[in-house]
Amino acid sequence: MPPSPRIKGWCPGAWQPMATGDGLLVRVRPPLGQLSREQLVALCDAAETFGSGLIELTSRANFQLRGVTDESWPLLMAFLVEHQLVSDAPEAERQPPLMLAPAWQKGDDTPTIARLLQARGSELASMPGKVGIAIDAGKAPVLGDSAADFRIERSTEGDLLIRADGYALGTAVSDIDSAVEQLIRLTHWFVDSGGWASGRMRRHTAPLPEWAPTDTAPAYPGEKLAMGKHREGMVIGLPFGRVATNTLRAAVSPTACSVQVTPWRRLLLKDCDTLPAIDGLIRHNSDPRLAMDACPGAPYCEQASVATQPLAEKLSGWVEGSVHISGCAKGCARRSPADVCLVGEAGRFNVVVNGSADSTPVKTGLTESEALDVIKKLSESR
Ligand code: SF4
């Protein structure tokens, strides 16, 4: 079994950046999961001026800038606040992050609930830093595979539903106000029943209270946004969740008026009907990189001893099925098992078949070319 990676137990923000292998990592939560075109361009400017020029889109639908220094961070924060990319009140960032179902529209319940929850944010219990809330109140939930501890969804009958992570069923409520009220109450129950020790709802073993019965099923899940044309604009993919600022700037100029983020390494460019050919983006559903996950790896993460994303690019199209390249056994880029998983350890690679980064490997201690040979043989034998 590979050694356990360090689990930090908190998530970086903008006011609380995290030191990583390539400097400070600053995470920006787009308000309501959306940025105007001008804000996105400002984010690109910020990444170039104060960071390394790379932007990442996380599995919780946040942007992050890398390579920020102790000296550039105060200037970056002033810039982000000026462009309303970050609140000027650091305490706002301590509220649990809200993940909104992508492609919500004006008048949908999803943004209405999010605004109400933001307005009542101070009434939520103070919870461990990794706890998050998904607001997925469209006809069919789409965030079921994305990490969230509490969810507001729609039931098979069309009612709003509050569901705790780890439970297949949830509690139906009559309206938006009741949904927010129930969610706030549930966060206090979580803390009062030992949630700080559990850290996350799925690890929390206390039984749910009587006033939160698990008797209502969520509606059948909907589809992720497909690449290409969408009724609201165009969907593009960021290979392994990373993009250079020049590429992103070119993608939103000049037609997109706003951008909605997703937890699937995809962006919805709203009101955009054509996209010039731009290198560094995924535009087709057949792109093999969509079935691959790779964490930042070395030199970006201090826990990684191997580079991951260049290897993922090399492997693209080699393996039929899912591929996960992880800088260490923590497996940040993918929670579920993959057909093939390459895991870095002490500068070498371990190979896992049909498993996760922390599963028992079938081969250990391989150089990159040895690992590639093993993968080649595996794919030929399938
Ligand atoms: S999985 Fe990757 S990003 Fe996560 S801690 Fe390990 S090396 Fe870092």
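The values are calculated or read from the model by the stated rules, or taken from the named source; none is laboratory data. Because the structure is predicted, anything quoted here is derived from the model rather than measured. Quick reminder, even Gly has a Cβ in these numbers, built from the backbone with ideal geometry, and neighbours come from all protein chains shown. Remember, those area values only see protein heavy atoms, side chains included, never the ligands or the DNA or RNA. Shrake-Rupley method; radii C 1.70, N 1.55, O 1.52, S 1.80 Å.
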- For residue 216, solvent-accessible area (1.4 Å; no DNA, RNA or ligand), Å²: 30
- Calc'd 3J(HN,Hα), segment 46-62, phi into Karplus 6.51 cos²θ - 1.76 cosθ + 1.60 (θ = phi - 60°), Hz, glycine/Pro = x, comes to 4, 5, 6, 6, 10, x, 8, x, 9, 10, 10, 10, 8, 6, 10, 6, 10
- Task: For segment 150-163, take each phi angle, set θ = phi - 60°, evaluate the Karplus expression 6.51 cos²θ - 1.76 cosθ + 1.60, and give the result in whole Hz per residue in order, putting x for glycine and proline.
- Result: 9, 10, 10, 10, 10, 7, 4, 7, x, 7, 6, 9, 10, 10
- Quick one: which residues, 5 or more positions from residue 363 or on another chain, have an amide H under 5 Å from its amide H? H modelled 1.01 Å from N in the peptide plane, none for Pro or chain starts. 351
- Added length on full extension, which subtracts the Cα-Cα distance from 0.36 nm per residue, residue 188 to residue 286: 30.8 nm
- Query: Among 141, 209, 361, which one shows the biggest mean-square fluctuation in a GNM of the chain, springs joining Cα atoms closer than 10 Å?
  - Reply: 209
- Query: How far is it, in nm, from the label point at residue 84 to the one at residue 211 when both lie 7 Å from their Cα along the line to the Cβ?
  - Reply: 3.6
- Which whole-Hz ³J(HN,Hα) couplings does segment 105-114 yield from phi under the Karplus relation 6.51 cos²θ - 1.76 cosθ + 1.60, θ = phi - 60°, glycine and proline marked x? 10, 3, x, 5, 5, 4, x, 5, 5, 4
- Task: Grab the DSSP H runs of the chain that are 4 residues or longer, score each as -39,500 (n - 2.57), total them, divide by all residues and round the 222 nm result to the nearest 500 deg cm²/dmol.
- Result: -7000 deg cm²/dmol
- Once you sort the root eigenvalues of the Cα gyration tensor of the chain as a ≥ b ≥ c, which label holds: rounded (a/c under 1.5), prolate (a/b larger than b/c) or oblate (the other case)? rounded
- Item | Inter-label distance for residue 367 and residue 157, nm, one decimal - labels placed 7 Å from Cα along Cα-to-Cβ | 6.5
- Projected label distance in nm at residue 176 and residue 197, using a 7 Å step from Cα toward the beta-carbon: 3.9
- Message: Tell me the per residue accessible area of the chain using a 1.4 Å probe; a whole number in Å² is fine.
- Response: 44
- Task: Return a single number: how many Lys pairs in the chain, at a sequence separation of 8 or more or on separate chains, have alpha-carbon atoms below 22 angstrom apart.
- Result: 18
- Query: Is the shape of segment 303-358 rounded, prolate or oblate, going by the alpha carbon gyration tensor and its root eigenvalues a ≥ b ≥ c, with a/c under 1.5 for rounded and a/b larger than b/c for prolate?
  - Reply: oblate
- Message: For a test of the definition: using alpha carbon positions, the gyration tensor, and the 1.5 limit on a/c, classify segment 288-381 as rounded, prolate or oblate.
- Response: rounded
- Mean separation of Cα contacts under 8 Å (at least 6 apart) over the residue count of segment 196-299, i.e. the relative contact order in percent, is 29
- Report, to the nearest whole %, how much of the accessible area of segment 315-372 belongs to carbon and sulfur atoms, 1.4 Å probe, protein only. 46
- Message: Explain nothing, just the number: dipole magnitude of the chain about its Cα centre with +1 on each Lys and Arg Cβ and -1 on each Asp and Glu Cβ, in debye rounded to the nearest 20.
- Response: 640
- Message: Using +1 at the C-beta of Lys and Arg and -1 at the C-beta of Asp and Glu, which of 201, 102, 298 has the Cα lying farthest in the positive direction of the dipole of the chain?
- Response: 298
- Expressed in angstrom and rounded, the centroid-to-centroid distance over alpha carbons for segment 303-324 and segment 81-116 is 33
- Note on the structure: Computed over the chain, the relative contact order (Cα-Cα under 8 Å, seq sep at least six) in percent reads 15
- Give the carbon-plus-sulfur fraction of the accessible surface of segment 1-127 in %, rounded to a whole number; probe 1.4 Å, heavy atoms of protein chains only. 52
- Where does segment 104-203 land on the Kirkwood hydrodynamic radius, alpha-carbon pairs, in angstrom? 13.6
